[in-house]
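Visitor: Got a structure here, written out as C-alpha coordinates. Questions coming.
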Amino acid sequence: MAAFGTVFTPEMIISRYEQNQWSTPAMVSSNSISLHPGAHVLHYASTCFEGLKAFRHADDSIHIFRMDKNVARLQQSSALLALPAFDPVMLSNMIMDIVRQYAADVPSPPGSMYIRPTHIGTEGSIGKAAAPSLNSMLYVLLSPVGDYFAGGAKALRLLLEDDARCASHMGMVKSGGNYASALQPIMKARAAVQADQVLFCPNGDVQETGAANFLLIDGNEIITKALDSSFLHGITRDSILTLARDRGMKVSERELTVDELLERAVRPGAEAALSGTAAVLTAVGTLIHENKEYQVGGGEAGQTTAALRQALNDIQWGKAEDKFGWLTKV
Ligand code: PLP
Ligand code: COI
(Lines give C-alpha, C1' and ligand atoms only; values in the text may rest on other atoms or scores of the structure.)
(Ligands and ions follow the chains in the order given, each with its own letter.)
Protein backbone atom coordinates (compact mmCIF):
# COMPACT_ATOMS: atom_id res chain seq x y z
CA MET A 1 0.00 0.00 0.00
CA ALA A 2 1.12 3.56 -0.69
CA ALA A 3 2.57 5.58 2.20
CA PHE A 4 -0.03 6.91 4.67
CA GLY A 5 -1.80 10.01 3.37
CA THR A 6 -0.30 10.15 -0.13
CA VAL A 7 -3.36 8.97 -2.08
CA PHE A 8 -6.50 11.13 -2.30
CA THR A 9 -9.91 10.67 -3.82
CA PRO A 10 -10.24 12.89 -6.96
CA GLU A 11 -12.70 15.22 -5.26
CA MET A 12 -13.10 16.97 -1.91
CA ILE A 13 -16.00 18.99 -0.52
CA ILE A 14 -15.58 22.68 0.25
CA SER A 15 -17.43 25.64 1.73
CA ARG A 16 -16.05 29.19 1.73
CA TYR A 17 -16.70 31.88 4.32
CA GLU A 18 -16.87 35.25 2.59
CA GLN A 19 -18.82 38.41 3.38
CA ASN A 20 -20.01 36.91 6.65
CA GLN A 21 -21.57 33.79 5.20
CA TRP A 22 -20.76 30.22 4.34
CA SER A 23 -21.27 29.10 0.74
CA THR A 24 -23.28 25.98 -0.06
CA PRO A 25 -20.80 23.07 0.14
CA ALA A 26 -19.66 21.85 -3.27
CA MET A 27 -17.66 18.87 -4.56
CA VAL A 28 -14.56 20.12 -6.37
CA SER A 29 -11.30 18.63 -7.63
CA SER A 30 -8.90 17.78 -4.80
CA ASN A 31 -5.86 18.60 -6.97
CA SER A 32 -5.50 22.25 -6.06
CA ILE A 33 -6.97 25.29 -4.38
CA SER A 34 -6.38 28.88 -5.30
CA LEU A 35 -5.10 31.20 -2.57
CA HIS A 36 -3.91 34.80 -2.46
CA PRO A 37 -0.12 34.74 -1.79
CA GLY A 38 -0.80 37.00 1.18
CA ALA A 39 -3.45 34.65 2.60
CA HIS A 40 -3.58 34.74 6.39
CA VAL A 41 -2.91 30.99 6.66
CA LEU A 42 0.36 31.25 4.71
CA HIS A 43 1.79 33.99 6.94
CA TYR A 44 0.15 33.73 10.33
CA ALA A 45 -0.68 29.99 10.41
CA SER A 46 -4.45 30.26 10.82
CA THR A 47 -4.93 26.59 10.05
CA CYS A 48 -6.48 23.71 11.93
CA PHE A 49 -7.55 20.25 10.88
CA GLU A 50 -9.03 16.97 12.02
CA GLY A 51 -8.31 13.31 11.42
CA LEU A 52 -11.07 10.71 11.63
CA LYS A 53 -11.82 7.48 9.83
CA ALA A 54 -14.59 5.62 7.99
CA PHE A 55 -14.63 1.82 8.16
CA ARG A 56 -16.08 -0.88 5.93
CA HIS A 57 -18.08 -3.60 7.70
CA ALA A 58 -18.50 -7.19 6.50
CA ASP A 59 -21.91 -6.33 4.97
CA ASP A 60 -20.21 -3.50 2.99
CA SER A 61 -21.91 -0.77 5.00
CA ILE A 62 -19.66 2.22 5.80
CA HIS A 63 -19.40 3.74 9.29
CA ILE A 64 -17.64 6.88 10.54
CA PHE A 65 -16.00 6.69 13.98
CA ARG A 66 -16.82 9.41 16.56
CA MET A 67 -17.60 12.08 13.97
CA ASP A 68 -19.36 14.31 16.55
CA LYS A 69 -16.20 14.50 18.67
CA ASN A 70 -13.97 15.42 15.73
CA VAL A 71 -16.41 18.04 14.48
CA ALA A 72 -16.59 19.55 17.98
CA ARG A 73 -12.77 19.60 18.26
CA LEU A 74 -12.45 21.44 14.92
CA GLN A 75 -15.01 23.98 16.16
CA GLN A 76 -12.93 24.47 19.28
CA SER A 77 -9.65 24.72 17.33
CA SER A 78 -11.27 27.24 14.96
CA ALA A 79 -12.46 29.34 17.90
CA LEU A 80 -8.99 29.31 19.52
CA LEU A 81 -7.43 30.43 16.20
CA ALA A 82 -10.11 33.12 15.76
CA LEU A 83 -11.28 31.54 12.49
CA PRO A 84 -14.93 32.04 11.49
CA ALA A 85 -17.39 29.83 13.39
CA PHE A 86 -19.21 27.16 11.39
CA ASP A 87 -22.33 25.12 11.98
CA PRO A 88 -21.33 21.61 13.16
CA VAL A 89 -24.30 20.19 11.25
CA MET A 90 -22.92 21.69 8.03
CA LEU A 91 -19.52 20.04 8.56
CA SER A 92 -21.08 16.70 9.57
CA ASN A 93 -23.17 16.77 6.40
CA MET A 94 -20.10 17.63 4.30
CA ILE A 95 -18.25 14.64 5.78
CA MET A 96 -21.21 12.33 5.22
CA ASP A 97 -21.69 13.57 1.63
CA ILE A 98 -18.07 13.10 0.53
CA VAL A 99 -17.73 9.70 2.23
CA ARG A 100 -20.99 8.56 0.61
CA GLN A 101 -19.73 9.76 -2.77
CA TYR A 102 -16.53 7.70 -2.42
CA ALA A 103 -17.97 4.79 -0.41
CA ALA A 104 -16.65 2.34 -3.01
CA ASP A 105 -13.09 3.52 -2.25
CA VAL A 106 -13.25 2.81 1.50
CA PRO A 107 -10.70 -0.01 2.02
CA SER A 108 -11.61 -3.23 3.82
CA PRO A 109 -9.99 -3.92 7.21
CA PRO A 110 -7.23 -3.45 8.19
CA GLY A 111 -7.42 -0.39 5.91
CA SER A 112 -9.85 2.51 6.29
CA MET A 113 -10.74 5.88 4.77
CA TYR A 114 -8.88 8.68 6.55
CA ILE A 115 -10.96 11.87 6.61
CA ARG A 116 -9.15 15.22 6.88
CA PRO A 117 -11.42 18.24 7.52
CA THR A 118 -9.31 21.40 7.19
CA HIS A 119 -10.09 25.01 8.07
CA ILE A 120 -7.81 27.83 6.87
CA GLY A 121 -7.82 31.65 6.99
CA THR A 122 -7.82 32.96 3.42
CA GLU A 123 -7.99 36.73 3.73
CA GLY A 124 -5.26 38.28 1.59
CA SER A 125 -4.00 40.90 4.01
CA ILE A 126 -0.46 40.70 5.37
CA GLY A 127 -1.20 43.53 7.78
CA LYS A 128 -3.22 41.14 9.90
CA ALA A 129 -0.38 39.75 11.99
CA ALA A 130 -2.35 40.48 15.12
CA ALA A 131 -5.88 40.24 13.76
CA PRO A 132 -8.03 37.32 12.59
CA SER A 133 -8.77 36.39 9.01
CA LEU A 134 -12.23 37.56 7.99
CA ASN A 135 -12.51 34.90 5.28
CA SER A 136 -11.83 31.19 5.38
CA MET A 137 -12.15 27.86 3.59
CA LEU A 138 -13.42 24.66 5.15
CA TYR A 139 -12.84 21.50 3.13
CA VAL A 140 -12.81 17.75 3.64
CA LEU A 141 -10.16 15.57 1.98
CA LEU A 142 -10.34 11.78 1.83
CA SER A 143 -7.38 9.41 1.76
CA PRO A 144 -7.63 5.60 1.73
CA VAL A 145 -5.03 4.35 4.23
CA GLY A 146 -3.39 1.30 5.77
CA ASP A 147 -1.00 1.35 8.73
CA TYR A 148 0.47 4.72 9.80
CA PHE A 149 3.65 3.24 11.24
CA ALA A 150 5.70 1.70 8.47
CA GLY A 151 7.05 -0.92 10.88
CA GLY A 152 3.55 -2.41 11.24
CA ALA A 153 3.23 -4.22 14.55
CA LYS A 154 6.81 -3.52 15.68
CA ALA A 155 7.04 -1.88 19.13
CA LEU A 156 8.17 1.75 18.82
CA ARG A 157 11.29 3.51 20.08
CA LEU A 158 10.58 6.86 21.75
CA LEU A 159 13.09 9.52 22.69
CA LEU A 160 12.08 11.49 25.78
CA GLU A 161 12.64 15.19 25.14
CA ASP A 162 12.70 17.66 28.04
CA ASP A 163 11.12 20.42 25.99
CA ALA A 164 7.51 21.16 25.03
CA ARG A 165 6.04 20.23 21.64
CA CYS A 166 4.45 23.64 21.26
CA ALA A 167 3.26 26.67 23.24
CA SER A 168 1.49 25.46 26.38
CA HIS A 169 -1.82 27.17 25.59
CA MET A 170 -1.91 25.79 22.02
CA GLY A 171 -1.45 22.07 22.61
CA MET A 172 -5.16 21.36 22.57
CA VAL A 173 -5.50 23.02 19.14
CA LYS A 174 -4.97 20.66 16.20
CA SER A 175 -3.10 23.33 14.30
CA GLY A 176 -0.39 23.19 11.66
CA GLY A 177 1.99 25.39 13.66
CA ASN A 178 2.22 22.81 16.44
CA TYR A 179 3.41 20.17 13.97
CA ALA A 180 5.94 22.56 12.43
CA SER A 181 7.41 23.39 15.83
CA ALA A 182 7.88 19.68 16.66
CA LEU A 183 9.71 18.82 13.42
CA GLN A 184 13.30 19.64 14.39
CA PRO A 185 13.26 17.57 17.62
CA ILE A 186 11.72 14.62 15.73
CA MET A 187 14.26 14.79 12.91
CA LYS A 188 17.13 15.01 15.40
CA ALA A 189 15.78 12.05 17.38
CA ARG A 190 15.53 9.95 14.22
CA ALA A 191 19.07 10.76 13.19
CA ALA A 192 20.69 10.47 16.62
CA VAL A 193 19.07 7.37 18.13
CA GLN A 194 16.81 5.99 15.37
CA ALA A 195 13.75 6.92 17.42
CA ASP A 196 10.35 6.51 15.76
CA GLN A 197 8.84 9.41 17.70
CA VAL A 198 9.64 11.97 20.37
CA LEU A 199 7.77 11.89 23.68
CA PHE A 200 7.60 15.52 24.79
CA CYS A 201 8.11 15.89 28.56
CA PRO A 202 8.49 19.60 29.43
CA ASN A 203 9.86 19.99 32.97
CA GLY A 204 9.68 16.23 33.49
CA ASP A 205 5.92 16.09 32.76
CA VAL A 206 5.07 13.25 30.33
CA GLN A 207 2.84 14.87 27.71
CA GLU A 208 2.39 13.33 24.22
CA THR A 209 4.28 12.57 21.02
CA GLY A 210 4.21 14.51 17.75
CA ALA A 211 1.17 12.64 16.43
CA ALA A 212 -0.35 10.58 19.25
CA ASN A 213 -1.11 10.45 22.99
CA PHE A 214 0.95 8.36 25.42
CA LEU A 215 -0.40 5.71 27.81
CA LEU A 216 1.43 3.69 30.47
CA ILE A 217 -0.16 0.37 31.37
CA ASP A 218 0.95 -1.24 34.62
CA GLY A 219 -0.94 -4.41 35.47
CA ASN A 220 -4.61 -3.47 35.79
CA GLU A 221 -3.92 0.28 35.78
CA ILE A 222 -3.69 2.63 32.83
CA ILE A 223 -2.03 5.99 33.48
CA THR A 224 -2.07 9.05 31.25
CA LYS A 225 -1.82 12.81 31.63
CA ALA A 226 -5.03 14.54 32.77
CA LEU A 227 -6.54 16.88 30.19
CA ASP A 228 -5.26 20.46 30.13
CA SER A 229 -4.61 23.02 27.40
CA SER A 230 -1.02 21.87 26.77
CA PHE A 231 -1.69 18.75 24.67
CA LEU A 232 -4.21 17.31 22.22
CA HIS A 233 -7.32 15.75 23.74
CA GLY A 234 -7.16 12.60 21.67
CA ILE A 235 -10.42 10.95 20.74
CA THR A 236 -8.67 7.58 20.54
CA ARG A 237 -7.30 8.26 24.05
CA ASP A 238 -10.86 8.81 25.27
CA SER A 239 -12.06 5.66 23.46
CA ILE A 240 -9.27 3.49 24.88
CA LEU A 241 -9.85 4.79 28.41
CA THR A 242 -13.57 4.06 28.03
CA LEU A 243 -12.82 0.51 26.84
CA ALA A 244 -10.32 0.04 29.68
CA ARG A 245 -12.87 1.14 32.32
CA ASP A 246 -15.42 -1.17 30.70
CA ARG A 247 -13.00 -4.09 31.19
CA GLY A 248 -12.66 -3.24 34.88
CA MET A 249 -9.26 -1.57 34.58
CA LYS A 250 -8.32 1.34 36.85
CA VAL A 251 -7.92 4.52 34.78
CA SER A 252 -5.67 7.19 36.31
CA GLU A 253 -5.73 10.54 34.52
CA ARG A 254 -3.06 12.51 36.36
CA GLU A 255 0.43 13.93 36.14
CA LEU A 256 3.04 11.32 35.21
CA THR A 257 6.66 12.34 35.70
CA VAL A 258 9.59 11.06 33.66
CA ASP A 259 11.07 9.59 36.86
CA GLU A 260 7.92 7.60 37.65
CA LEU A 261 7.55 6.51 34.03
CA LEU A 262 11.10 5.19 33.75
CA GLU A 263 10.81 3.45 37.10
CA ARG A 264 7.49 1.74 36.32
CA ALA A 265 7.99 1.04 32.62
CA VAL A 266 10.79 -1.45 33.19
CA ARG A 267 8.83 -3.52 35.73
CA PRO A 268 7.74 -6.96 34.56
CA GLY A 269 4.32 -6.78 32.92
CA ALA A 270 4.46 -3.03 32.25
CA GLU A 271 3.38 -1.79 28.82
CA ALA A 272 3.35 1.53 27.02
CA ALA A 273 1.41 2.58 23.95
CA LEU A 274 0.57 5.49 21.66
CA SER A 275 -3.05 6.26 20.82
CA GLY A 276 -4.29 8.20 17.82
CA THR A 277 -6.56 8.00 14.82
CA ALA A 278 -3.60 7.20 12.58
CA ALA A 279 -1.61 5.28 15.23
CA VAL A 280 -4.71 3.40 16.56
CA LEU A 281 -2.99 1.85 19.61
CA THR A 282 0.66 1.08 18.90
CA ALA A 283 2.95 -0.54 21.44
CA VAL A 284 6.06 1.24 22.67
CA GLY A 285 9.03 -1.09 23.28
CA THR A 286 11.86 1.29 24.14
CA LEU A 287 12.15 4.60 25.98
CA ILE A 288 15.37 6.55 25.51
CA HIS A 289 16.38 9.19 28.06
CA GLU A 290 19.76 10.86 28.64
CA ASN A 291 21.59 8.29 26.48
CA LYS A 292 20.09 5.33 28.32
CA GLU A 293 17.64 2.84 26.84
CA TYR A 294 14.79 1.40 28.91
CA GLN A 295 13.01 -1.69 27.59
CA VAL A 296 9.26 -1.69 28.24
CA GLY A 297 7.81 -5.19 28.61
CA GLY A 298 11.04 -6.69 27.30
CA GLY A 299 10.81 -4.53 24.16
CA GLU A 300 7.81 -6.42 22.78
CA ALA A 301 4.19 -5.39 22.26
CA GLY A 302 2.17 -6.11 25.41
CA GLN A 303 -0.96 -8.22 25.77
CA THR A 304 -3.19 -5.52 27.23
CA THR A 305 -2.19 -3.14 24.45
CA ALA A 306 -3.08 -5.79 21.88
CA ALA A 307 -6.39 -6.58 23.61
CA LEU A 308 -7.43 -2.91 23.83
CA ARG A 309 -6.46 -2.30 20.19
CA GLN A 310 -8.50 -5.35 19.20
CA ALA A 311 -11.51 -4.17 21.25
CA LEU A 312 -11.35 -0.78 19.50
CA ASN A 313 -10.94 -2.33 16.04
CA ASP A 314 -13.80 -4.77 16.70
CA ILE A 315 -16.20 -1.87 17.25
CA GLN A 316 -14.80 0.07 14.29
CA TRP A 317 -15.07 -2.96 11.98
CA GLY A 318 -18.54 -3.96 13.19
CA LYS A 319 -17.35 -7.17 14.83
CA ALA A 320 -18.46 -6.09 18.31
CA GLU A 321 -21.57 -4.24 19.44
CA ASP A 322 -21.25 -0.44 19.17
CA LYS A 323 -22.31 -0.12 22.79
CA PHE A 324 -21.09 3.44 23.27
CA GLY A 325 -22.79 4.72 20.10
CA TRP A 326 -19.52 5.69 18.40
CA LEU A 327 -20.41 4.85 14.79
CA THR A 328 -22.41 6.90 12.29
CA LYS A 329 -23.66 4.88 9.33
CA VAL A 330 -23.15 6.60 5.99
N1 PLP B 1 -1.72 14.16 19.76
C2 PLP B 1 -1.33 14.65 18.58
C3 PLP B 1 -0.27 15.69 18.55
C4 PLP B 1 -1.94 14.20 17.38
O5 PLP B 1 -1.56 14.67 16.19
C6 PLP B 1 -2.94 13.21 17.48
C7 PLP B 1 -3.57 12.71 16.25
O8 PLP B 1 -4.59 13.08 15.88
C9 PLP B 1 -3.31 12.74 18.75
C10 PLP B 1 -2.67 13.23 19.87
C11 PLP B 1 -4.39 11.71 18.90
O12 PLP B 1 -5.67 12.28 18.67
P13 PLP B 1 -6.86 11.40 18.12
O14 PLP B 1 -6.92 10.19 18.94
O15 PLP B 1 -8.06 12.27 18.28
O16 PLP B 1 -6.57 11.10 16.69
C1 COI C 1 -4.15 11.61 13.29
O2 COI C 1 -3.96 10.60 13.95
O3 COI C 1 -5.24 11.89 12.79
C4 COI C 1 -3.09 12.57 13.08
O5 COI C 1 -3.36 13.71 12.93
C6 COI C 1 -1.73 12.07 13.07
C7 COI C 1 -0.92 12.47 11.87
C8 COI C 1 -1.32 11.81 10.60
C9 COI C 1 -0.69 13.93 11.77
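Visitor: Kindly provide the set of residues from region 188-220 that are within 15 Å of ligand 1 (Cβ to nearest atom), part of a loop (DSSP other than H, G, I, E, B) and farther than 17 Å from residue 302 by Cβ, ordered by number.
Guide: Once the filter is applied, which keeps residues that are within 15 Å of ligand 1 (Cβ to nearest atom), part of a loop (DSSP other than H, G, I, E, B) and farther than 17 Å from residue 302 by Cβ, region 188-220 yields 201, 206, 207, 210, 211.
Visitor: Please determine, by comparing only the residues of region 4-23 that are closer than 15 Å to residue 139 by Cα, in contact (Cβ under 8 Å) with a residue 60 or more places away in the chain and part of a loop (DSSP other than H, G, I, E, B), which one is nearest to ligand 2 (Cβ to nearest atom).
Guide: If we take residues in region 4-23 being closer than 15 Å to residue 139 by Cα, in contact (Cβ under 8 Å) with a residue 60 or more places away in the chain and part of a loop (DSSP other than H, G, I, E, B), then 8 is nearest to ligand 2 (Cβ to nearest atom).
Here's the yes/no breakdown for (1) of a type outside the set (Ser, Thr, Tyr); (2) closer than 30 Å to residue 27 by Cβ; (3) not in a loop (DSSP other than H, G, I, E, B):
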{"site": "119", "(1), (2), (3)": "yes, yes, yes"}
{"site": "126", "(1), (2), (3)": "yes, no, no"}
{"site": "138", "(1), (2), (3)": "yes, yes, yes"}
{"site": "142", "(1), (2), (3)": "yes, yes, yes"}
{"site": "148", "(1), (2), (3)": "no, yes, no"}
{"site": "157", "(1), (2), (3)": "yes, no, yes"}
{"site": "163", "(1), (2), (3)": "yes, no, no"}
{"site": "169", "(1), (2), (3)": "yes, no, no"}
{"site": "172", "(1), (2), (3)": "yes, no, no"}
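Visitor: Follow-up question, since we're still on this one. Could you figure out which of (1) more than 16 Å from ligand 1 (Cβ to nearest atom); (2) surrounded by 20 or more Cβ atoms within 10 Å (Cβ to Cβ) isn't true of residue 240?
Guide: Condition not satisfied by residue 240: (1).
Visitor: Pick out the one residue from 113, 67, 27 that is of a type outside the set (Gly, Ala, Ser) and more than 16 Å from ligand 1 (Cβ to nearest atom). If you could, list the steps in order and put the result at the bottom.
Guide: Details: 113 fails: more than 16 Å from ligand 1 (Cβ to nearest atom); 67 fails: more than 16 Å from ligand 1 (Cβ to nearest atom).
Result of the check over 113, 67, 27: 27.
Visitor: While we're looking at this one, here's another question. Among the listed residues 278, 265, which satisfies the condition of being within 16 Å of ligand 2 (Cβ to nearest atom), in contact with a Phe, Trp or Tyr (Cβ under 7 Å, 6 or more places away or on another chain), closer than 24 Å to residue 232 by Cα and among the hydrophobic types (A, V, I, L, M, F, W, C)? It would help to see each step written out before you state the result.
Guide: Values: 265 fails: within 16 Å of ligand 2 (Cβ to nearest atom).
None of the others qualify; the one that does is 278.
Visitor: Looking at 189, 226, which one is under 18 Å from the mean Cα position of the chain (by Cα) and modelled with pLDDT of 95 or more?
Guide: Details: 189 fails: under 18 Å from the mean Cα position of the chain (by Cα).
Selected residue: 226, the only one of 189, 226 that is under 18 Å from the mean Cα position of the chain (by Cα) and modelled with pLDDT of 95 or more.
Visitor: Output the residue which, of all residues in region 221-262 that are among the charged types (D, E, K, R) and assigned to a helix (DSSP H, G or I), is farthest from ligand 2 (Cβ to nearest atom).
Guide: Of all residues in region 221-262, those among the charged types (D, E, K, R) come to 221, 225, 228, 237-238, 245-247, 250, 253-255, 259-260.
Of the ones still in play, those that are also assigned to a helix (DSSP H, G or I) are 237-238, 245-246, 259-260.
Working: 237: 11, 238: 13, 245: 22, 246: 23, 259: 28, 260: 26 Å.
If we take residues in region 221-262 being among the charged types (D, E, K, R) and assigned to a helix (DSSP H, G or I), then 259 is farthest from ligand 2 (Cβ to nearest atom).
Visitor: Inside region 273-330, can you point out the residues that are buried (at least 20 other Cβ atoms within 10 Å of the Cβ), in a helix (DSSP H, G or I) and at positive phi?
Guide: 297, the sole residue that qualifies.
Visitor: Something else: Within region 40-81, which residues are within 26 Å of residue 177 (Cβ to Cβ), aromatic (Phe, Trp, Tyr) and in a strand (DSSP E or B)?
Guide: Answer for region 40-81, where residues must be within 26 Å of residue 177 (Cβ to Cβ), aromatic (Phe, Trp, Tyr) and in a strand (DSSP E or B): just 49.
Visitor: Answer yes if at least one residue in region 266-285 is basic (Lys, Arg) and at pLDDT 95 or above, and no otherwise. Lay out the reasoning, then the answer.
Guide: First pass over region 266-285, keeping only residues basic (Lys, Arg): 267.
Keeping just the survivors that are at pLDDT 95 or above gives none.
Looking for residues that are basic (Lys, Arg) and at pLDDT 95 or above, one finds none in region 266-285, hence no.
Visitor: In region 1-41, how many are of a type outside the set (A, V, I, L, M, F, W, C) and within 21 Å of the chain's Cα centre (by Cα)? Step through it out loud before you land on a result.
Guide: So in region 1-41, the residues of a type outside the set (A, V, I, L, M, F, W, C) come out as 5-6, 9-11, 15-21, 23-25, 29-32, 34, 36-38, 40.
Now drop any that are not within 21 Å of the chain's Cα centre (by Cα), which leaves 5-6, 9.
Residues meeting the conditions: 3.
Residue-wise test of (1) under 20 Å from the mean Cα position of the chain (by Cα); (2) surrounded by 20 or more Cβ atoms within 10 Å (Cβ to Cβ).
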position	(1), (2)
89	no, no
97	no, no
109	yes, no
139	yes, yes
157	yes, yes
162	no, no
173	yes, yes
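Visitor: Determine if region 284-300 includes at least one residue that is touching a residue at least 60 places away in the same chain (Cβ under 8 Å) and under 18 Å from the mean Cα position of the chain (by Cα).
Guide: Checking region 284-300: at least one residue is touching a residue at least 60 places away in the same chain (Cβ under 8 Å) and under 18 Å from the mean Cα position of the chain (by Cα).
Visitor: While we're on this one: Are there any pairs, at least 6 apart or on different chains, whose C-beta atoms fall under 7 Å, with the first in region 165-179 and within 8 Å of residue 229 (Cβ to Cβ) and among the hydrophobic types (A, V, I, L, M, F, W, C) and the second within 11 Å of ligand 2 (Cβ to nearest atom) and in a loop (DSSP other than H, G, I, E, B), and if so, which?
Guide: Taking only residues 6 or more apart or on different chains, the pairs are 172/232.
Visitor: Of the conditions (1) more than 15 Å from ligand 2 (Cβ to nearest atom); (2) under 24 Å from residue 264 (Cβ atoms), residue 169 fails just one. Which one is it?
Guide: Just one mismatch for residue 169, condition (2).
Visitor: Go over the candidates 305, 286 one by one and state the one that is within 16 Å of ligand 1 (Cβ to nearest atom) and within 23 Å of residue 200 (Cβ to Cβ). Spell out how you get there, then give the answer.
Guide: Values: 286 fails: within 16 Å of ligand 1 (Cβ to nearest atom).
Going through 305, 286 in turn, just one is within 16 Å of ligand 1 (Cβ to nearest atom) and within 23 Å of residue 200 (Cβ to Cβ): 305.
Visitor: Could you please give the count of residues in region 24-59 that are loosely packed, with under 13 Cβ neighbours inside 10 Å and within 19 Å of residue 87 (Cβ to Cβ)? Full working, then the answer.
Guide: In the first step, residues of region 24-59 are kept if they are loosely packed, with under 13 Cβ neighbours inside 10 Å; the result is 24, 29, 31-32, 34, 37, 58-59.
Still in the list and also within 19 Å of residue 87 (Cβ to Cβ): 24.
Final tally of qualifying residues: 1.
The values are calculated or read from the model by the stated rules, or taken from the named source; none is laboratory data. Because the structure is a prediction, the values reported are computed rather than measured. Ideal geometry is used to build each Cβ from the backbone, glycine not excepted, and the neighbour counts take in all protein chains shown.
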